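Worksheet: one structure, shown below.
The values are calculated or read from the model by the stated rules, or taken from the named source; none is laboratory data. Here the structure is a predicted model, which means the values were calculated and not measured. Cβ atoms come from the backbone with ideal geometry, glycine included; neighbour counts cover every protein chain shown.
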């Protein structure tokens, strides 16, 4: 049974749209001390999805955390989406999640505590689906409510997937359609249909587990999940980390049905403009590229898909293996060589 309390009434921007602007975050992170350790296999140098620490020659631990304000109306749905989003970083690194802790911020004197129970139930059910142990966590009193997980996963040290391993000639595959931020903005002002809104919820609640399994099956070593910094923001991090160029084909982008039309109605979240300002000096856009598609690429995604760089000869097999769990998966571009004067990303 759906809750009568509308969580969207508590926020102006929720989900991964609530992230700090990428430019400001990176500006302060670059001045923090770098902690060196021989067993730290992946740190924060390339703004990867999680940290990876080697325990021995066979096992490395992946650690990550994520939380945000409500991205939808229903508390149970919110719990599922926030949990799926938190777990996604483990999958993006090619790992298997094993345990998690709740992170909950909730205004117990302003909203009935039963709403928190529904949020936590949604998170617990998604954890069960992912096959991990959810054991405790931490709560504070805060408004608006926020929820997420701190997640631990495992991966073999030789099979880590990072955002820095793209190679020229590989194809770029995206496993979920774009537009969640736009759809939620449209829903908030009453422009998005219930069918479009429900479609966005379904995609956000879908685990990226199959993508991780397929990447390991086909030996893919470069990927990232697409969340608050958008396809362009996370793509820029991938390009810089691997010192390669990315070429996106805007007409090939999978998108949530109805999201494109919502842009015409002005349903563009502030995070999209922040993301575009972050990347615009590093992106070359062909004149033929539609404005709406450009904004879809800058849209902050919540619990978005995996952007992976796959060898060209494996693409058809990868898409076939993804077809049941990720039917929207599509080739959206390729990795290209880059001269110093070239933009990191080209949109055609």
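Some observations on this one:
- Number of the condition not met by residue 72 [criteria: (1) touching a helix residue (DSSP H, G or I) at 6+ places or on another chain (Cβ under 7 Å); (2) surrounded by fewer than 22 Cβ atoms within 10 Å (Cβ to Cβ); (3) assigned to a loop (DSSP other than H, G, I, E, B)]: (2)
- The set of residues from the stretch 149-193 being at pLDDT 95 or above and on the phi > 0 side of the Ramachandran plot comprises 169, 179.
Table: residues versus (1) surrounded by fewer than 18 Cβ atoms within 10 Å (Cβ to Cβ); (2) in the same structural domain as residue 333 (by TED's automatic domain parsing); (3) part of a loop (DSSP other than H, G, I, E, B); (4) on the phi > 0 side of the Ramachandran plot.
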| residue | (1), (2), (3), (4) |
| --- | --- |
| 142 | yes, no, yes, no |
| 195 | yes, yes, no, no |
| 200 | no, yes, no, no |
| 216 | yes, yes, no, no |
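- The residue of the stretch 245-255 that is farthest from residue 19 (Cα to Cα), among those that are surrounded by fewer than 22 Cβ atoms within 10 Å (Cβ to Cβ) and touching a helix residue (DSSP H, G or I) at 6+ places or on another chain (Cβ under 9 Å), is 251.
- Of all residues in the stretch 256-276, exactly one satisfies the criterion of being in contact with a helix residue (DSSP H, G or I) (Cβ under 7 Å, 6 or more places away or on another chain), surrounded by fewer than 19 Cβ atoms within 10 Å (Cβ to Cβ) and closer than 20 Å to residue 347 by Cα, namely 260.
- The residue that is farthest from residue 282 (Cα to Cα), among those in the stretch 305-344 that are more than 19 Å from the chain's Cα centre (by Cα) and crowded, with 23+ Cβ neighbours inside 10 Å, is 318.
- From the list 48, 12, 31, the one residue that fits, being assigned to a loop (DSSP other than H, G, I, E, B), assigned by TED's automatic domain parsing to the domain that holds residue 142, closer than 20 Å to residue 306 by Cβ and at pLDDT below 90, is 48.
Residue by residue, here is whether (1) in a loop (DSSP other than H, G, I, E, B); (2) within 16 Å of residue 307 (Cα to Cα); (3) in the same structural domain as residue 310 (by TED's automatic domain parsing) holds:
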{"site": "246", "(1), (2), (3)": "no, yes, yes"}
{"site": "257", "(1), (2), (3)": "yes, no, yes"}
{"site": "262", "(1), (2), (3)": "no, no, yes"}
{"site": "268", "(1), (2), (3)": "yes, no, yes"}
{"site": "271", "(1), (2), (3)": "no, no, yes"}
{"site": "275", "(1), (2), (3)": "no, no, yes"}
{"site": "279", "(1), (2), (3)": "no, no, yes"}
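- If you check 82, 100, 104 for being at pLDDT 95 or above, closer than 18 Å to residue 5 by Cα and crowded, with 24+ Cβ neighbours inside 10 Å, only one passes: 82.
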